[in-house]
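Taking it in order: structure first as structure tokens, then the write-up.
The values are calculated or read from the model by the stated rules, or taken from the named source; none is laboratory data. These numbers come from a predicted model, not from an experiment. Cβ placement follows ideal geometry from the backbone for every residue including glycine, while neighbour counts extend to all protein chains displayed.
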There are 2 protein chains.
Amino acid sequence: MRNFKFTLQYEGGRYQGWQRQESSENTIQGKLEALLSKMCGQPVKVQGSGRTDAGVHALGQVANAHLETDKTPGEILEYMNAYLPEDIGVIKVEEADERFHSRLNAKGKTYRYRVINSPLPHVLERRYTWSIAEPLDVEAMKRAAELLCGTHDFAAFTSAKKSRKSTVRTLEELRIEPHGDKIDFYFSGDGFLFHMVRILMGTLIETGLGQRRPEEMTEILASKKRELAGALAPAQGLTLMEVRY
Amino acid sequence: MRNFKFTLQYEGGRYQGWQRQESSENTIQGKLEALLSKMCGQPVKVQGSGRTDAGVHALGQVANAHLETDKTPGEILEYMNAYLPEDIGVIKVEEADERFHSRLNAKGKTYRYRVINSPLPHVLERRYTWSIAEPLDVEAMKRAAELLCGTHDFAAFTSAKKSRKSTVRTLEELRIEPHGDKIDFYFSGDGFLFHMVRILMGTLIETGLGQRRPEEMTEILASKKRELAGALAPAQGLTLMEVRY
């Protein structure tokens with residue numbers, strides 16, 4: 001069995017997220033496993049670097065799978081792109097060390113969250129953005145972002161049920177880039193909790209709208225209470241850009 | 001009756017083009033007329049600056065309509081965006097002179113045609129681009145573009161049946177902008193014949209693939225023969241950017 005590393009793009013809108021579910025064929029992982037199983041003539045498990053929620057997109061998701069095949073990486077890429085639906089694409093296939101594990105070996109990830117700050121529609125970007133009509137205070141959001149960066153217990157910023165697993169993560173960078181009426185938020189870190197980016201985004205937007213002070217970020221982090229943080233931002237604005245190893 | 005000028009965006013994928021058809025409700029003009037008729041409580045005709053083909057998008061289409069209404073332009077914009085499907089959006093409503101006619105008064109238009117020049121999928125851009133796997137020679141396309149600019153009889157570059165109407169147009173600019181593996185083609189002119197931009201694009205791409213010499217453009221123009229020009233490029237790569245008055 002050879003171990004292959006896949007770099008993937010997908011548009012999340014039609015799927016119930018990354019993770020295979022018993023009740024539904026309609027997941028990215030499910031689609032990839034069905035196709036690779038067909039290619040190899042035996043059941044294949046695909047391991048992703050992490051789950052993405054229903055509706056979240058990817059330009060650089062990484063996965064790996066152990067395959068019984070004679071095909072070259074280039075042939076596998078071509079085969080997959082020929083048969084995958086047009087909202088899932090493979091942009092790289094590499095042969096990896098047999099011990100390579102896309103989740104356990106991941107050192108960091110970058111997500112982008114894209115906001116359109118305008119009362120006017122942006123028809124061609126609507127699937128990949130969150131539209132906010134009221135003007136956002138970018139400087140206030142930048143001050144909040146600075147307080148969120150670093151190594152913290154992000155328990156307040158996850159929807160995951162309490163467990164013994166650590167909720168400490170390092171948010172290495174939270175970069176806010178306005179381009180006209182579009183604002184891109186880049187989140188880079190060593191790992192992200194369930195819903196973490198979307199709750200951070202919801203909280204930042206409430207700060208940008210003047211509903212919160214940037215200084216509150218410190219209190220929210222210290223509280224570890226989900227109810228003190230902001231609302232969950234919509235999935236469609238979020239894109240997994242890169243997984244680093 | 002007051003005359004209103006509308007600036008519109010739409011994603012063409014779900015529609016059979018701009019122009020109302022008897023057999024189908026599924027046109028941009030049809031959607032706008034149905035909504036404005038409902039708003040005004042009487043039949044409304046919407047005049048577009050020109051038709052766009054099925055599948056072609058717009059970021060700056062212009063239309064006008066004479067309406068019996070007390071609403072302000074801002075109220076009309078809000079009403080329309082509240083009820084239009086999400087793939088049609090109104091970005092500006094202005095009250096215009098009663099003689100303003102969006103087609104007859106148009107002085108020029110700009111279209112963008114977007115190509116992805118890569119064998120790899122670009123999942124999030126697939127709806128708005130034409131993907132070409134083989135490498136394109138941008139310099140050859142630029143030389144061809146220079147020969148196409150200016151005032152010419154573009155009879156070879158239209159699918160319209162022969163008629164007495166003039167097929168002379170001025171292509172003021174044909175700008176080719178590569179950005180990584182994306183190439184944007186901007187066409188600005190005083191008017192465009194049926195399918196003209198898409199046939200120009202098909203011909204440019206054949207030049208970029210080395211199937212034609214740039215110098216052929218002069219011969220194709222002089223021939224006035226459709227069969228000498230290139231194939232019709234797919235609608236989905238084309239976006240009407242601006243109409244000038």
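Do we find a residue being modelled with pLDDT under 95, of a type in the set (A, V, I, L, M, F, W, C) and under 15 Å from B:K224 (Cα atoms) anywhere in the stretch B:159-166?
The answer is yes; a qualifying residue exists.
Does B:G13 satisfy the condition of being within 14 Å of chain A (Cβ to nearest Cβ), within 24 Å of B:W130 (Cβ to Cβ) and not in a helix (DSSP H, G or I)?
no
Only residues that are over 17 Å from A:L238 (Cα atoms), in a loop (DSSP other than H, G, I, E, B) and not polar (S, T, N, Q): list them for the stretch A:38-85, please. Talk me through it step by step, then tell me what you get.
Going through the stretch A:38-85, the residues over 17 Å from A:L238 (Cα atoms) turn out to be A:38-48, A:63-85.
Among the residues that remain, those that are also in a loop (DSSP other than H, G, I, E, B) are: A:41-46, A:68-72, A:84-85.
Of everything in the stretch A:38-85, those that are over 17 Å from A:L238 (Cα atoms), in a loop (DSSP other than H, G, I, E, B) and not polar (S, T, N, Q) turn out to be A:G41, A:P43, A:V44, A:K45, A:V46, A:E68, A:D70, A:K71, A:L84, A:P85.
With B:T218, B:T158, B:T207, B:T167 as the choices, which residue is within 30 Å of A:E78 (Cα to Cα) and of a type in the set (S, T, N, Q)?
Among B:T218, B:T158, B:T207, B:T167, only B:T207 is within 30 Å of A:E78 (Cα to Cα) and of a type in the set (S, T, N, Q).
All but one of (1) in contact with a helix residue (DSSP H, G or I) (Cβ under 8 Å, 6 or more places away or on another chain); (2) hydrophobic (A, V, I, L, M, F, W, C); (3) within 18 Å of A:E242 (Cβ to Cβ) hold for A:I183; state the number of the condition that does not hold.
(3) is the only condition that A:I183 fails.
Results for (1) crowded, with 16+ Cβ neighbours inside 10 Å; (2) under 15 Å from the mean Cα position of the chain (by Cα); (3) within 24 Å of A:L124 (Cβ to Cβ), shown as yes or no for each residue.
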| residue | (1), (2), (3) |
| --- | --- |
| B:N3 | yes, no, no |
| B:G13 | no, yes, yes |
| B:W18 | yes, yes, yes |
| B:L36 | yes, no, yes |
| B:C40 | yes, no, no |
| B:D70 | no, no, no |
| B:E75 | no, no, no |
| B:Y79 | yes, no, yes |
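Would you check if B:K31 is without any contact (Cβ under 8 Å) to a residue 60 or more places away in the chain, outside the structural domain of B:A233 (by TED's automatic domain parsing), part of a loop (DSSP other than H, G, I, E, B) and among the basic types (K, R)?
no
Given the criterion surrounded by 15 or more Cβ atoms within 10 Å (Cβ to Cβ), touching a Leu at 6+ places or on another chain (Cβ under 8 Å) and within 19 Å of A:A235 (Cα to Cα), identify the matching residue among A:T167, A:T158.
Every option except A:T158 fails the conditions.
Within the stretch A:132-174, which residues are within 14 Å of chain B (Cβ to nearest Cβ) and in contact with a His (Cβ under 7 Å, 6 or more places away or on another chain)?
Within the stretch A:132-174, the subset within 14 Å of chain B (Cβ to nearest Cβ) is A:133.
Selection gives nothing.
Okay, residues lined up against (1) over 30 Å from A:T158 (Cβ atoms); (2) out of contact with any His (no Cβ under 9 Å at 6 or more places or on another chain):
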| residue | (1), (2) |
| --- | --- |
| A:E11 | no, no |
| A:R20 | no, yes |
| A:N26 | no, yes |
| A:K31 | no, yes |
| A:L36 | yes, yes |
| A:C40 | yes, yes |
| A:G48 | no, yes |
| A:V62 | no, yes |
| A:N81 | yes, yes |
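Might you let me know whether the stretch B:63-82 holds any residue that is in contact (Cβ under 8 Å) with a residue 60 or more places away in the chain, closer than 12 Å to B:L8 by Cα and touching a Lys or Arg at 6+ places or on another chain (Cβ under 9 Å)?
Within the stretch B:63-82, one or more residues are in contact (Cβ under 8 Å) with a residue 60 or more places away in the chain, closer than 12 Å to B:L8 by Cα and touching a Lys or Arg at 6+ places or on another chain (Cβ under 9 Å).
Please go through the stretch B:86-118 and give me each residue that is under 17 Å from the mean Cα position of the chain (by Cα), within 14 Å of another protein chain (Cβ to nearest Cβ) and part of a loop (DSSP other than H, G, I, E, B), ordered by number.
Within the stretch B:86-118, B:D87 is the sole residue that qualifies.
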